[in-house]
Structure formats: C-alpha cells, structure tokens
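The structure appears below as structure tokens.
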Amino acid sequence: MATRRQLLGSFLAAAGASLGHRLARAAEPLPTTSTTLAPGAAVAPPPVVTPDGASLPFEWKDGVKEFHLTAEPVWREFAPGMRVKCWGYNGTTPGPTIEAVEGDRVRILVTNKLPERTSIHWHGVLLPPGMDGVSGLTQPAIMPGETWAYEFTLRQHGTQMYHPHADEMLQMAVGMMGLFVIHPREAATPPVDRDFAIMLHAWAIHPGTYRPDPAVMLDFNMFTFNSKVFPATAPLVVKTGQRVRIRFGNLSMDEHPMHLHGFKFRVTGTDGGPVPASAQLPETTTLVPVGATRDIEFVADVPGDWVLHCHKSHHTMNAMAHDIENTLGADQRGVEERIQALLPGYMGMGQRGMSEMQDMAQHMKGPKNTLPMMAGKGPFGNIEMGGMFTIVKVRDEVSADYADPGWYEHPEGTRAWKVRA
Amino acid sequence: MSRSSLDHRRATPVALRLGLAALLAAATACGHVRPEAAFPGVRDAVVARLDQRVHWRRGTAEDAAVDAAVDDLLAQPLDVDAAVQVALLRNPSLQATYEDLGVAQADLVQAGLLRNPVLTGAFRFPDRSPSGTNIEMDLAQEFVNLVFLPARTRIAAAQVVEVQHRVAAEVLDLAAEVRAAYWDLVAAHNTVAVLRTVAEVADVSRALTERLHEAGNVSELQLASETALATELELEVARAEAEIAPARERLGRLLGVGAGGGWSVPAQLPAVPEAEPDLPALEEAAYTQRPDLLAVQQEVAVLRDALGLQQVTRWFPIADVGVAVEHEREGTWLVGPSLSLVLPIFDQGNAERGRLESQLRQSEARLAARGLDVRAEVGAARARVASARAIAGRYRTALLPLRARVVALSIEHYNYMLLGPLALLQAKQAEVEALRGYIEAVRDFWLARTALERALAARLPVAVAAAPATDGAPAADAHRHHHHGGH
Ligand SMILES: [Cu+2]
C-alpha cells in the first residue's frame, strides 16, 4: 500500500502528464466544461484523503492511466476486538479510492480472485455501454482467475463509485465497493484545502460470528465509515480556517442522514456532478440516499472537537439486538437476587437506561468477535457511541501529516459547567 | 427317561444293602428336630452371592445384637447395600420363608425314623376244659420301611437342599426388590429437587415479567402466558412430589421397618460407575449361581430318586415281618416269625409310578425352561445396562456440558444486551430440563443394573465415578439445595 506522501507525488505527476496527454489528443471532443485550463496553469487539487484507506496507485501506459484492481477475500478489523471476513479489492474494503482527472483516459484491469464470478460497474461514470460492467448484459462475467480490462475517457468530474454487478447483493453485502473521484480539469472555486472521502455501509454480522450475512435486508447491526466503526474511525484533522470537502458514498441498503456539529455546510455535489451555487442549501444534516454520493463543503473556522455522524441513532451503535425485553423503568429488586441464585453473575440491566452498558462491557465478557454496543472514552468520560461516528478535529496548529492532535483543550470559560450536584 | 430307568435298576441292590445296614442305627435314632440346622446353607449361599448378612430370628440373644446393627444402619442415610442389609435382617416375609427350612428339616427327621412296630394280640377264652386262655401275639414291623429307610432319608435330605435353594432364591429376590424400590425412591427425591429448580426458573421469569408489566413494558398477554407456564411447572412439582410417599411406603415395607421412622435415603442418585465388571464371566457363573435354577435341578434329582425307589417297592412282596407268639391251651408257647404278604393283584403301583414319572418330566421341562429364562434375563438386563450406561454417559459428557455452555454463552450475549433476561432464563430452563433427563437415564441405569444383578444372582461391584450435581442448582451453590428430599 502506498503512503499518503507517495500518492501525493504520483498524483501531481499524473496531473501534469494528463494535460500533455489531453493536448496530444486534442481532436477528441472534450467533455462539457465551461473553461479549459491552459497548459501549465493547472492548480493541483489537494489529494483525496480516504480515512482508514488509501487511493489506488496507477501507471502511465501509452498515454493511458492504468489502474489494477484485484477482487479478493479480505480480513477487515472494524475495531480492535472485531475482525470480519469480507470481500474487497486489493486487500481492503472498501476498495482503494480511484482518483483521476476529467479528460483522462483510464484503463482499469480487474483480476478476479474470488471463488465466484464478478464484474465492476462504474457507478455514475459516463462511459460507453460496453464498459458499464453489467454481467450478462454488457459483458460476460469475469470468471475466477480471469483479468479483464475496462477503458474509457472521463467526461465529467465529481464523486462516483464502483461496485460489482454480478451477484451484486451478496458481493456488496460483504464489502465490495469503492469510491471513484474525478477531479475537475479546472480548479474548483474556491479551492478546498482538505478533501475527505467516506464510503458509508451497513452490515449484518451476527454477534459471535466473523462473516457478514448477505441474506439480511433490514436488520443490519454494524454501520461503518470506510468499514470502520467508532471508536476505531480515524478523526478528520483540519487546520482552522481551511475549506473542507467531505465526499460521502452510499452503497448500503439504508439511507444515512449525515450530520456535522459546529458548522453549516453546503451540498456542493452529487453523483450527478456539481450542484449549482444557487441550489446549494445551507444545512447541518444531509441525507445520503441509497446508491448516491453527496459532497459537502464548509469552512472550519472554529477550532474544537466536532462530531460527524449519521443521525439515525441506532447507526451510531455497534451490535444491538432488536428483540430483547425493554427493561427501562422495571424494578428488578428481589427478582434480581433470585436470578443470581440460578445464574451467578447475573446483573439486572437497563432499569435506569442503557448508559451503564459501556461500563459493564469493560469488565464483563461478551460474545467472541463482538464489540460492545457503545464505546469510546473522551476527555470527560464515556462517549457512548459506536458505528457511523467520527470527530472532526479543528486546530490552529496541525502537523504536516495531519496527525491526530489529541483532545481539544477548551479555553477558560468556554465549556459548560456544573451548577449544582 | 432312559437314564432314570438305569438308576432304578442300580438302586435296588443298593437300597437293600443300605437298608439292612441302617436298621440298627435307625432303630436307635432319637427323632429330635433342629429346624435351624438347614439355615447355614442359606446363609453361606447369600454371603457368597451378596456378601450380606442374614439372620433367622428364633428368639435367641443374637436377635438383640442384630436389632442393634439394623438400628445403626437406619441412623445414617441408607446407601443401596445398607438398604438391602436392613431388609435381609428385618423383613418379616423372609422370616416366614425361613420356616420352610424348619418344615423340611422336620420331614428329614421324620424320614429317618422307623415306623413304629405294630403289636397285635388276640385272647381267646374256651368255653370248656381245658380252660387255658389262648393268647396270640404278633409284633410286626413294616419291612419295606425298614429296608428303604436310608433311601427315604437320602431323598428327604435332598429335599432339604432344594428348600435351601428356594429360600436363598427368595432372599435374592427380596434384595433385588429392595434395590429397585430404593432407586425409585432416590430418583423420586432427585426428580423433585430438579423440578423445583425448573419451577423456580419459570417463577422467576414470571416475577420478572410482572415487573416489566408494572413498568408498562410488556402486555398483560405476555404476563398471563408466563404466569400460566409457571403454574404448569408448579403442578408438575406437585405431581412429582406425590410419587415420593408411595415409593417410601414400598421401600419401608420391604425393609420391614415401615415408611415412618427416621430412616432416610440420599437426595441424589449416585453417578453411573466408570467401568463395569467383566460381564461374560458373570454370565457363565449365573448358571451355577442362580439358586432358583439349582432348586429345580435338585427337584429333578429328588424325583428321579423317588421314582427309582418306587420301582423297587412296587414289586416288593413282603409287606410286614415280625414275631408271632401263640400260647396254646395246653400251655405251650409257640414262637415263630410272621410274614404277611401284599399281593399286587389290584394295585400294582402303576398309578403311583405314572404320577412320579409325570412329575419328573414336568420338573425336567421346568429346568430347561428356567435355563432359557436365565439366559434371556441375563441377555436382556445386560443390554439394558449397556444402553442405559451409554445414554447416561452421553448426557453427562455431551448434553449437560453443552447445556451449561449454552447458558455461559447466553450470559455473554446478555452482558452485551444481545439477549434479553427471559431468553437467558430459557437457556437455564433447558439446562435444568436436560438434568432431569439425565436423572431418568441414571435411574434407568441403576434399575437395569439391579435387574442384571438379579439375573446373575450376584452383586456387581461398583467403581465410583465423580458425580455432577444433579439437582439443577449452579455448581457454586450446589450445597444450598442438598436439603431437598431425602428424609
Ligand atoms: Cu445511517
């Protein structure tokens, strides 16, 4: 896997070469853009940061950007204490983020190391029908052991995705998906300083098991950002005043209302492309529908630890059961002792709420390979979250590699205080 | 029949010779009967097979010592051997059976006694001179009785042995009945203890559902369902408890002490032993050990002997011999032997012979049948022991640990709120229900083993196994439930 620094280097090289390539093929009509960049005038966009992931390296071959994806079974640690036997690409799920520039000719080699056939559909990418990757309809399926090539010229920019279109339900349920970011040929105005890409997904991984259950349609129990759950999700580190873009892709079977604390943002793009400025509603929550992408942009003008999460509250929990007794408000005194006589170690739970759950989980054993429903320790105690939850850490000073700066220290007199006990 | 005909021919000269030789000895026999003389044979047979004491209460000083020993046994919770021992010493039916020995012993003495001689006399008074009284006296002894006395004694002695075998068989039957009644009673206590735990789990579920209902979290329907289930299990406990009193009555009756009194049995069945003695060897032994089989063999021998004797006596022409004395009127005494003959004209002994021959054939057929019985009883009991052992073993090594594992894993799921408390209690319920099945399997094992011991006329030694707690309480708290049952 390439480091972020290597990727940045290769991207800059690619951007320059891409321009030369475009000029060499000037006869080919360009995709619709209002203006074109003059040679050498390109303002390199910042590389996309895929938290807990990476972008896919490429090679120039005969003026074509050549990528190579290998579909294969992969282990993914959702958080320490839970490893999942998934399928993905190049050793990871979601697959690496493909980055290219509008106008690029791309060739993507796809090798199938799965036990069954597959194909790749380039979700939202405008391309010839023979490159659309629908097995049976536009091509025969890619059989195990085979390598196929997809090649097309990018005629748009925005946040697109890729996923199988063969045994699609199963293959997506076990993690086969990735983001496909097409940078604009011309610099975005105003340009962003930080560009994050997050694939949202919902999984059914029954407590005590290792493999996602592809037969589940509604009762998903694990909800991930790039196949990680809080508290293992990487924070998004930003310097105060930077313009931030976060790209969300959703190939799960549920919609996710993504909510950001501390800022108002505008939805600047969908999988259909840029949203005209006049249509960019100011929001703090945007719904990312099934099979769609959303780009949001905001200026991180207030330092602090700001939460980014799905607002379906059970999507910010780890494994939960849906059919257990509601013990809220039920007085178990007397009964609890009788149960303890039969089941030593039993503790009545949930009478005053579920908060005690996080503390209990720290000293009581749960099923194998299963995360407690809520987790995360902050500077002031339990965060009591899981799933689709991370922290945007805005700081006046950040390191060159945007390393996690730790917890925010609130200036005197700016934090809530206890009035009486 | 051919062999018994040979025996008859051989028996004749022997009977004669022995009869004459024994004449003097028989004439001086005192005829005193010692009923207990046959008891040591029974005692030795029981000790050899059960390694248990027997005692025939005959109003001796030993009775008090035996009573004290029984009281000592009754003071502790009885294990199965102690229960058998109490019954062998106290059961009054057994005491009644022992009297058969006295009857047989009396018959033996009787057979050894000469029939009392018959003195007949006639006094004749003439009506004219010479006027001396004519006296005629005849002292006659039944000669056949005299000659065949040793043979009759031998037959009677053989009958005593037969009775000893029959009495030993009754002792062993009683021991087996005691064992079976013992297992039933212990199993009844054990089952009640487990069912109480089952009912407690159901009642805790009901109590918890009641709290959830009070909190407004579950419907009246769910509460009524849980309450109905708890009530059903409470009734099941009552039904199981009702089994204890009759089982205690039955064992108490066999012990000869009654259901009352302070005796007790343990609350839990012993575990199935790890290893079993070599059964094929025991099966061979069964043919020489079964007292009922030996009794029938003895019966055949006695009948053959009796038939042989009858073959001789039926043609024996001399009925009585004696001394005849006559006092003639002239004053002379005439003394001489007398002889009276029975002429076998009408009764040639054929009816008697036919009866004996039928009885002999009947007895031989019974012997063959009993041999088959023994083989079948041993085979069936051995098969039941093997299957009951396998089932109990599967419970102990597979199902019980699995049910415990399900409970442990359920607690882990419960800890992470992935399983509700009622589902957790259901897992516990299934664990205790498995224990109930296990107790049934262990009881079946001990009953089968008792049947095998009965079939083999032997007591099988026990290699003690480590027993899992079988009252449904969690291992850590097992001691708290030991007071269940067993008083
Ligand atoms: Cu969501």
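The values are calculated or read from the model by the stated rules, or taken from the named source; none is laboratory data. This one's a predicted model, so the numbers in the text were calculated from it and none came from an experiment. Every residue, glycine among them, receives a Cβ derived from its backbone with ideal geometry; neighbour counts consider all protein chains shown. We work out accessible area using only protein heavy atoms, side chains counted, and drop any ligands, DNA or RNA first. Shrake-Rupley method; radii C 1.70, N 1.55, O 1.52, S 1.80 Å.
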Output the qualifying pairs, or none if there are none: Cβ atoms under 6 angstrom, residues six or more apart or on different chains, first residue in region B:393-422 and within 13 Å of another protein chain (Cβ to nearest Cβ), second residue of a type in the set (Val, Ile, Thr) and open to solvent by 20 Å² or more (accessible area, probe 1.4 Å). B:Gly420/A:Ile324
When you look at A:Met199, is it away from the ligand (no atom under 16 Å from the Cβ), touching a strand residue (DSSP E or B) at 6+ places or on another chain (Cβ under 7 Å) and touching a residue at least 40 places away in the same chain (Cβ under 8 Å), yes or no? no
Residue set B:Gly216, B:Gly261, B:Gly256; condition within 14 Å of chain A (Cβ to nearest Cβ), open to solvent by 10 Å² or more (accessible area, probe 1.4 Å), at positive phi and of a type in the set (Gly, Ala, Ser); output residue B:Gly216
Residues that are modelled with pLDDT of 85 or more and either closer than 30 Å to B:Val325 by Cβ or basic (Lys, Arg) (or both): does region B:136-153 have at least one? no
Only one of (1) under 19 Å from the mean Cα position of the chain (by Cα); (2) closer than 30 Å to B:Leu339 by Cβ; (3) not β-branched (Val, Ile, Thr) fails for B:Asp292. Which number is that? (2)
Residues A:Pro184, A:Pro144, A:Pro191: which one is touching a Lys or Arg at 6+ places or on another chain (Cβ under 8 Å), at pLDDT below 95, more than 16 Å from the ligand (Cβ to nearest atom) and not hydrophobic (A, V, I, L, M, F, W, C)? A:Pro191
For region B:335-364, which positions are of a type in the set (D, E, K, R) and open to solvent by less than 80 Å² (accessible area, probe 1.4 Å)? B:Glu352, B:Arg353, B:Glu357, B:Glu364
Restricting to region A:151-194, count the residues that are under 27 Å from A:Asp401 (Cβ atoms), in contact with a His (Cβ under 9 Å, 6 or more places away or on another chain) and assigned to a strand (DSSP E or B). 5
Scope region A:220-242; condition open to solvent by 20 Å² or more (accessible area, probe 1.4 Å) and in a strand (DSSP E or B); matching residues: A:Lys228, A:Lys239
Would you point out the residue of region A:360-385, among those that are in a strand (DSSP E or B) and at negative phi, that is farthest from the chain's Cα centre (by Cα)? A:Asn382
Cβ-Cβ below 9 Å, separation at least six or inter-chain, first residue in region A:235-258 and within 14 Å of chain B (Cβ to nearest Cβ) and within 20 Å of A:Val48 (Cβ to Cβ), second open to solvent by less than 10 Å² (accessible area, probe 1.4 Å) and away from the ligand (no atom under 16 Å from the Cβ): which pairs? none
Some residue of region A:93-112 being among the basic types (Lys, Arg), open to solvent by 20 Å² or more (accessible area, probe 1.4 Å) and not in a loop (DSSP other than H, G, I, E, B): yes
Kindly indicate the residue of region A:307-330 that is touching a Ser or Thr at 6+ places or on another chain (Cβ under 9 Å) and within 16 Å of the ligand (Cβ to nearest atom) and also nearest to the other protein chains (Cβ to nearest Cβ) among those meeting that condition. A:Ala319
Which of (1) within 14 Å of chain B (Cβ to nearest Cβ); (2) free of Cβ contacts under 8 Å to residues at least 12 places away in the same chain; (3) closer than 30 Å to A:Leu170 by Cβ is the odd one out, the single condition A:Ile339 does not satisfy? (3)
Region A:287-306, subset surrounded by fewer than 22 Cβ atoms within 10 Å (Cβ to Cβ) and not in a loop (DSSP other than H, G, I, E, B), residue farthest from the other protein chains (Cβ to nearest Cβ): A:Val299
